[in-house]
Amino acid sequence: QVQLVESGGGLVQAGGSLRLSCAASARTFSSYAMGWFRQAPGKVREFVVAISGSGGNTYYQDSAKGRFTISRDNAKNTVYLEMNSLRPEDTAVFYCAASSAFPAVRVSSYNYWGQGTQVTVSS
């Protein structure tokens with residue numbers, strides 16, 4: 001069983017930055033690939049980015065390339081999402097999730113999910 005807790009969301013102006021964190025309870029955290037997803041109001045949950053268990057490989061959705069950076073610290077059981085140049089269309093609840101597969105872009109490929117953290121970007 002893996003428990004995930006996101007933090008770091010908030011309200012930011014367009015062009016601003018936020019850093020999300022996701023703390024995991026798993027004793028074998030490094031054995032899981034981690035992903036970030038987001039869900040805007042009235043829309044389906046969509047993949048943003050994933051990172052392999054070692055942290056050596058990453059996979060980005062096109063809209064996240066160049067603006068978002070995923071990283072992980074396996075000693076701290078934490079994965080991060082650095083978001084820069086934020087746009088109003090980035091407004092969503094952001095979720096972290098754990099998977100045994102990499103790269104995994106489907107919601108169904110992830111076994112464990114956090115409760116989400118709200119990111120709101122004002123224009």
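The values are calculated or read from the model by the stated rules, or taken from the named source; none is laboratory data. Everything numeric in this text was worked out from a predicted model, so none of it was measured. Positions of Cβ are backbone-derived with ideal geometry, glycine not excepted, and every protein chain shown enters the neighbour counts. Just so you know, the surface numbers come from the protein's heavy atoms only, side chains and all, with ligands and any DNA or RNA stripped out. Shrake-Rupley method; radii C 1.70, N 1.55, O 1.52, S 1.80 Å.
In the range 37-61, the residues that are at positive phi form Cβ pairs under 9 Å with partners that are polar (S, T, N, Q), at six or more places apart or across chains, as follows: 55/30; 55/71; 55/74. Of the residues making up the range 86-120, those that are open to solvent by 60 Å² or more (accessible area, probe 1.4 Å) and part of a loop (DSSP other than H, G, I, E, B) are 87, 100, 102, 103, 105, 106, 111, 115. Going through (1) in contact with a Phe, Trp or Tyr (Cβ under 8 Å, 6 or more places away or on another chain); (2) open to solvent by less than 30 Å² (accessible area, probe 1.4 Å); (3) not β-branched (Val, Ile, Thr) one by one, residue 34 falls short only on (1).
Please determine whether any residue of the range 43-61 is at pLDDT below 95, part of a loop (DSSP other than H, G, I, E, B) and open to solvent by less than 70 Å² (accessible area, probe 1.4 Å). Let's see the steps before the verdict.
Let us first name the residues in the range 43-61 that are at pLDDT below 95, namely none.
No, that holds for no residue.
When the residues of the range 67-85 are filtered to those that are under 18 Å from residue 12 (Cβ atoms) and out of contact with any Asp or Glu (no Cβ under 6 Å at 6 or more places or on another chain), which remaining residue is surrounded by the most Cβ atoms within 10 Å (Cβ to Cβ)?
Pass one, the range 67-85, residues under 18 Å from residue 12 (Cβ atoms): 67-69, 80-85.
Okay, now just the ones that are also out of contact with any Asp or Glu (no Cβ under 6 Å at 6 or more places or on another chain), so 67-68, 80-85.
Values: 67: 15, 68: 21, 80: 19, 81: 27, 82: 14, 83: 23, 84: 13, 85: 12.
Filtering the range 67-85 for residues that are under 18 Å from residue 12 (Cβ atoms) and out of contact with any Asp or Glu (no Cβ under 6 Å at 6 or more places or on another chain), the one surrounded by the most Cβ atoms within 10 Å (Cβ to Cβ) comes out as 81.
Residue 85 meets each of the listed conditions (1) over 10 Å from the mean Cα position of the chain (by Cα); (2) touching a residue at least 60 places away in the same chain (Cβ under 8 Å); (3) within 29 Å of residue 27 (Cα to Cα) apart from (3).
Which of the residues spanning the range 1-29 are open to solvent by 70 Å² or more (accessible area, probe 1.4 Å) and not hydrophobic (A, V, I, L, M, F, W, C)? Talk me through it step by step, then tell me what you get.
From the range 1-29, those open to solvent by 70 Å² or more (accessible area, probe 1.4 Å) are 1, 3, 5, 11, 13, 19, 27-28; that's our starting set.
1, 3, 13, 19, 27, 28 - these are the residues of the range 1-29 that are open to solvent by 70 Å² or more (accessible area, probe 1.4 Å) and not hydrophobic (A, V, I, L, M, F, W, C).
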